[in-house]
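**Q** Below: one structure in structure tokens.
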Amino acid sequence: MTEPLLSLRSATKVHDRGGAPVHALAGVDLDVQRGDYVALTGPSGSGKSTLMNLIGCLDRPTAGHCRIAGTDTTALDPADLAALRRRIGFVFQSFHLLPGLTAVQNVALPLRYGNVAPAARERAATAMLERVGLGARLHHHPRELSGGQQQRVAIARALVTTPDLLLADEPTGNLDSRAGVEIRDLLEELWREGRTLVVVTHDEALAARAARIVRLLDGRIVRIDTGAGAGAAS
Amino acid sequence: MNELRELLRETWSNRRRLLPVVIGLCFGTLGLSVLLAFGDGFDTAMNGALQRSGETMVRWFGGVTSRPFRGQPAGRGMALLPDDVALLRQVPGVLAASLETGINARVVSDDGTRSANPYIAAVGHEWLAIRRRTVEPGGRFLSPLDEVERRRVAVIGAELAQQLFRREDVVGRTLRVFDQPFTIVGVLGIETALMQSNGNDSGKLFVPFATAAPLRGLRNPQIVMARIDDAGRARERETQQRALLAGRLQCDPADRAALRVSNHALTARDIRGIVTGTRVFLLVIGVLGLLVAAVGVANMTVVLVEERVPEIGLRMAFGATPAQIRWRQLAETLAMVGIGGGSGLLLAALLLWGVNQVPLDPVAKGYLGDPLLSVTTSLVIAGLLGLCGGIAGWHPASRAAAVQPVEALRHD
Ligand SMILES: Nc1ncnc2c1ncn2[C@@H]1O[C@H](COP(=O)(O)OP(=O)(O)OP(=O)(O)O)[C@@H](O)[C@H]1O
Ligand SMILES: [Mg+2]
């Protein structure tokens, strides 16, 4: 078996809240293979976002290890972490688009830090927006877009560097049900194209599409279910 | 290029808040530039004026002894003699020596239509070299031969020429002094010179002492003077000259009242000290103004960075390194400083150009100089601005580079 794209061993995160330690993650072991589609679910406060931040190299574990494509993130300095982040696409719960930039400029942002020439950035960003169905909204600012459209811009931004791994924290959490369905379909499509997805969600309908459903409680994995995607997995 | 465009666009989108800061910088720079330019102009003008004043000149006046010396009583009058010039020439470090005496007398133009009552300076041929003045092109100063042959020649100050002839190109014309015709051989231009005596030189008439003395019974010069080789050794040169003159006059060399001296090199040093002090003062005031503006920049930058923490976290989440964030933030501060400081420099250049267009009396102009923004001054100001920007921007930029993405993105 090849090395997993993502591998967590006893990953622990302890926050300090006014002197009292909070075990946001209490020793998590998890492997994610290339082409996998993992849904993370669990009640509020169970540590889902904390886990995503570790995987996305936005945070470091208090104890334990997190390996991405064979690299142990705990040993990396800030510049190397930045380089590793360029291989990961992140979709945030609340879109996090820059209001001053147009859709294309927002999507092109990660390419800036990947040493891509300006013209090539714009071309790649345009293509990616067309891919998520926003070819007609390239030069709109976020405030001129609906919630679903904004989330699609955010997904395009996460995908524009053709990352090894796509992380999405509650991508449908701020959307109405119709927009939620669109995003659900889009994610599934991306996965079928061969991308590796880890998605945090409260939305059982979204989780059910994944290959594996990882259930968290109080910072621990309590159960791993098989989803509809398992049969379809390549 | 793209980066620069984005930087400027972002600066533009913050224009309302940045405007006061930029205006502060603009005026800070304007103030500093103008102060430094005036300082420069003043310095150049004073340097020129000092040079034209005979900066390495030592002048001697005969006085009255204040103490007995070698059996002679106090209260003896000390009279300088024409031969003292030759004596001075023997002293080490003396490059030129002359004598001077003067009286006011009636002067009439050759056609007899105009007259004046100027100061007539009876001098030696080296007077010009000692005072470091120049004769206008087409003419010359008095020569050794003029003295030997007691020629009736004169050098006229430009203002006096205007008064008598209504023009300045008067070489070759004659005028009557002491009821004798004198031929004009040169014109002394109008220049700002410090430490002139008996009025401005451009209003005087200069004739050879040797010619004038018998005509008016002027036996003794009021002054003998020398140009010395090195202003830095002014004190030493003065002592050497005093020793020789005192020996000839048979007075105590320590008796200051017997032989009075005006050492221009020492005076010039004091004046230069005042000029330098003034320039330093102007610089300090200007830099303080700039510092006030820089504090405004630092404040604004801190506020901007704090506001931008979520955005910085986001950029980091998409692969920006702390170094990229830091330089980007610093570049923004420098852009702000560049815009404010650049416009200040431009305004200063315009203002100074305007000031130089105002017609001024040539003598006043001689002290003020041409306050222009020199390349050196501009570079110094640009350097100071860069330094201010760097200092004001470094701390906020470090704060930006230290942003932790997780913390930043939890803001909402
Ligand atoms: N910076 C922090 N300081 C202190 N406690 C924290 C911090 N971040 C997270 N926590 C705590 O860690 C636990 C896990 O938080 P986390 O955000 O991972 O939960 P979650 O599963 O994403 O919840 P939700 O579904 O509400 O987003 C919670 O109890 C939370 O209060
Ligand atoms: Mg969460």
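Just so it is clear, none of the values below were taken in a lab; they were calculated from the coordinates. Computed from a predicted structure; not experimentally measured. Virtual Cβ from ideal backbone geometry, glycine too; neighbours counted across all protein chains shown.
**Q** If you find the alpha carbon centre of region B:76-93 and of region B:204-282, how far apart are they in angstrom?
**A** If you average the Cα positions of each part, the centres end up 11 Å apart.
**Q** Considering the alpha-carbon set of region B:212-341 alone, what are its Rg and its Dmax in angstrom?
**A** My reading of the Cα-based Rg and Dmax gives 33.3, 101 Å.
**Q** Would you please put B:319-327, A:145-153 in order of how densely packed they are, using the mean number of other Cβ atoms within 10 angstrom per residue and starting with the highest?
**A** Values: B:319-327: 19.6, A:145-153: 21.6.
Packing proxy ranking, top to bottom: A:145-153, B:319-327.
**Q** Still on this structure: Mind checking the mean number of beta-carbon atoms from other chains within 10 Å of the Cβ atoms in B:308-316? Please report the intermediate quantities before stating the final value.
**A** Values: counts 0, 0, 2, 4, 0, 2, 8, 6, 7.
For this peptide, the per-residue mean of nearby foreign Cβ atoms is 3.
**Q** Of the DSSP beta bridges with both residues in region B:64-257, give the percent that are antiparallel, rounding to the nearest 5. Can you show the working numbers first?
**A** Numbers: 25 of 34 bridges.
Here the share of antiparallel DSSP bridges comes out near 75 percent.
**Q** Name the long-range amide H neighbours of residue B:96: under 5 Å, sequence gap of 5 or more, or other chain; modelled H, no Pro or chain starts.
**A** B:227
**Q** In the Gaussian network model of chain A, springs joining C-alpha atoms below 10 Å, which of A:198, A:32, A:116 carries the largest mean-square fluctuation?
**A** Of A:198, A:32, A:116, the most mobile in the Gaussian network model is A:116.
**Q** Would you mind checking the radius of gyration and Dmax of region B:64-257 based on alpha-carbon positions, in Å?
**A** For region B:64-257, the Cα-based Rg and Dmax read 18.2, 58 Å.
**Q** May I ask you to sort B:170, B:261, A:222 by Cβ crowding, counting other Cβ atoms within 10 Å and putting the fewest first? Write out the running numbers ahead of the final one.
**A** Numbers: B:170 23, B:261 16, A:222 11.
Ascending number of Cβ neighbours within 10 Å: A:222, B:261, B:170.
**Q** Separate question: Take the alpha-carbon positions of the protein assembly as shown, form their convex hull, and give its projected area averaged over all directions (one quarter of the hull surface) in nm².
**A** Values: hull surface 183.5 nm².
One quarter of the hull surface, i.e. the mean projection, equals 45.9 nm².
**Q** Let me ask something else. On a 0 to 90° scale, report how tilted helix A:103-112 is relative to the longest principal axis of chain A, with both axes built from alpha carbons and the result rounded to the nearest 10.
**A** Helix A:103-112 sits roughly 60 degrees off the main axis of chain A.
**Q** Further question on the same structure: Size of the dipole of region B:64-257 about the Cα centre, Lys and Arg at +1 and Asp and Glu at -1 on the beta carbon, nothing else charged, in debye to 20?
**A** Details: 27 positive and 22 negative charges, 87 e Å.
For region B:64-257, the charge dipole is close to 420 debye.
**Q** So which GluC sites (Glu not before Pro) in region B:147-251 pass both tests, a DSSP loop state and at most 14 other Cβ atoms within 10 Å of the Cβ? Mind showing how you got there, number by number?
**A** On the way: sites: B:147, B:149, B:159, B:168, B:191, B:236, B:238; in loops: B:149, B:168, B:191.
Passing both the DSSP loop test and the Cβ count: B:149.
**Q** Within 10 Å of each Cβ in B:317-329, how many Cβ atoms from other chains are there, averaged over the peptide? Don't jump to the answer; show the numbers that get you there.
**A** On the way: counts 14, 17, 17, 7, 10, 5, 3, 4, 2, 0, 0, 0, 0.
Other-chain Cβ atoms within 10 Å of each residue's Cβ, averaged: 6.
**Q** According to a simple spin-label model (label point 7 Å from Cα along Cα-to-Cβ), what is the distance in nm between residue B:380 and residue B:220?
**A** 5.0 nm
**Q** If the only charges are +1 at each Lys and Arg Cβ and -1 at each Asp and Glu Cβ, what is the size of the charge dipole of chain A around the Cα centre, to the nearest 20 debye?
**A** Working: 27 positive and 25 negative charges, 58 e Å.
Once rounded to the nearest 20, the dipole reads 280 debye.
**Q** Among A:211, A:190, A:108, which residue has its Cα positioned farthest towards the positive end of the charge dipole of chain A, with +1 placed on the Cβ of Lys and Arg, -1 on the Cβ of Asp and Glu, and the dipole taken about the Cα centre?
**A** Among A:211, A:190, A:108, the one farthest towards the positive end of the dipole of chain A is A:108.
**Q** Here is a follow-up. Quick one: which residues, 5 or more positions from residue A:34 or on another chain, have an amide H under 5 Å from its amide H? H modelled 1.01 Å from N in the peptide plane, none for Pro or chain starts.
**A** The list, which skips near neighbours in sequence, is A:5.
**Q** Which of the lysines could a cross-linker span from residue A:48 if the Cα-Cα distance has to be under 30 Å and same-chain partners fewer than 8 positions apart are dropped?
**A** Of all the lysines, those that pass the test against residue A:48 - Cα under 30 Å, at least 8 places apart if same chain - are A:13.
**Q** Same structure, new question: Could you derive backbone 3J(HN,Hα) for region B:130-135 from the dihedral phi with the Karplus parameters 6.51, -1.76 and 1.60 (θ = phi - 60°), listing whole Hz in sequence and x where the residue is Gly or Pro?
**A** 5, 7, 6, 9, 10, 8
**Q** I've got another one for you. Separation of region A:198-221 and region B:290-307 by C-alpha centroid, Å?
**A** 46 Å
**Q** Provide the percentage of antiparallel DSSP beta bridges, counting only those with both residues in region A:86-234; round to the nearest 5.
**A** Values: 6 of 15 bridges.
If I count the DSSP bridges inside region A:86-234, around 40 percent turn out antiparallel.
**Q** Which of the GluC sites (Glu not before Pro) found in region A:136-207 are loop residues per DSSP with 16 or fewer other Cβ atoms within 10 Å of their Cβ? Working shown, then result.
**A** Numbers: sites: A:144, A:182, A:188, A:189, A:193, A:204; in loops: A:193.
Sites meeting the loop and neighbour criteria: A:193.
**Q** Same structure again: Alpha carbon centre of region A:80-97 versus region B:350-374: separation in Å?
**A** Cα centroid to Cα centroid, the span is 61 Å.
**Q** Among the lysines, which have Cα under 24 Å from the Cα of residue B:365 when same-chain residues fewer than 8 positions away are ignored?
**A** B:204
**Q** Write out the trypsin sites (Lys or Arg not before Pro) in region B:69-142 meeting two conditions: DSSP loop, and at most 12 other Cβ atoms within 10 Å of their Cβ.
**A** Numbers: sites: B:70, B:76, B:89, B:106, B:114, B:131, B:132, B:133, B:140; in loops: B:70, B:76, B:106, B:114, B:132, B:133, B:140.
Here the sparse-neighbourhood loop sites are B:70.
**Q** Now for a separate question. What dipole magnitude, in Debye to the nearest 20, does chain B give about its Cα centre under +1 on Lys/Arg Cβ and -1 on Asp/Glu Cβ? Don't jump to the answer; show the numbers that get you there.
**A** Working: 45 positive and 37 negative charges, 183 e Å.
Result for chain B is approximately 880 debye, rounded to the nearest 20.
**Q** Which of B:95, B:30, B:387 moves the most in a Gaussian network model of chain B with Cα springs under 10 Å?
**A** B:387
**Q** Could you run the Karplus curve 6.51 cos²θ - 1.76 cosθ + 1.60 with θ = phi - 60° over region B:341-346 and give me ³J(HN,Hα) per residue in whole Hz, x for Gly and Pro?
**A** So the J values, rounded to whole Hz, are x, x, 5, x, 4, 4.
**Q** Taking K and R as +1 and D and E as -1, what net charge do the other residues with C-beta under 15 Å from the C-beta of residue B:374 add up to? Walk me through the numbers on the way to the answer.
**A** Working: positive: B:279; negative: B:40, B:43, B:370.
That sum, taken over residues with Cβ under 15 Å, equals -2.
**Q** So what does the Cα-only Debye profile of chain A read at q = 0.07, 0.09, 0.17, 0.18 Å⁻¹, as log10 I(q)/I(0), no solvent term?
**A** Calculated log10 I(q)/I(0) at the listed q: -0.22, -0.36, -1.29, -1.41.
**Q** What is the average number of partner chain Cβ atoms found within 10 Å of a Cβ in A:117-130? Show your work: numbers first, answer last.
**A** Working: counts 1, 5, 1, 0, 1, 1, 0, 0, 0, 0, 0, 0, 0, 0.
If you average over the peptide's residues, the count of other-chain Cβ atoms is 1.
**Q** Next question. For the pair residue B:83 and residue A:16, how long in nm is the line joining their label points, each one 7 Å along Cα→Cβ?
**A** Once both label points are built, they end up 10.0 nm from each other.
**Q** To continue, here is another question. In a shell of Cβ-Cβ distance under 11 Å around residue A:184, excluding residue A:184 itself, what net charge do Lys and Arg (+1) and Asp and Glu (-1) give?
**A** Values: positive: A:178, A:209; negative: A:182, A:185, A:188, A:189, A:203.
Summing Lys/Arg as +1 and Asp/Glu as -1 gives -3.
**Q** Now for a separate question. Would you mind estimating how fast chain B diffuses translationally, via Stokes-Einstein at 20 °C and 1.002 mPa s with the Kirkwood radius over Cα pairs, in µm²/s?
**A** Working: Rh = 26.3 Å.
In µm²/s, the coefficient is 81.
**Q** Sticking with this structure for a sec: Specify which residue in the list B:366, B:321, B:309 is farthest towards the positive end of the charge dipole of region B:304-377, using unit charges on the beta carbon of Lys, Arg (+1) and Asp, Glu (-1), about the Cα centre.
**A** Highest projection toward the positive end goes to B:321.
**Q** Please list 3J(HN,Hα) in residue order for region A:47-52, calculated via the Karplus relation 6.51 cos²θ - 1.76 cosθ + 1.60 where θ = phi - 60°; whole Hz, with x for glycine and proline.
**A** My calculation for region A:47-52 gives x, 5, 5, 4, 5, 4 Hz in order.
**Q** Here is a further query. Once the Cα gyration tensor of region A:76-199 is diagonalised, what are the square roots of 5 times its eigenvalues, in whole Å and ordered largest first, as equivalent ellipsoid semi-axes? Walk me through the numbers on the way to the answer.
**A** Numbers: eigenvalues 89, 63, 36 Å².
Semi-axes, largest first: 21, 18, 13 Å.
**Q** Which order do A:66, B:388 fall in if you start with the one that has the fewest other Cβ atoms within 10 Å?
**A** On the way: A:66 23, B:388 26.
With the fewest neighbours first, A:66, B:388 line up as A:66, B:388.
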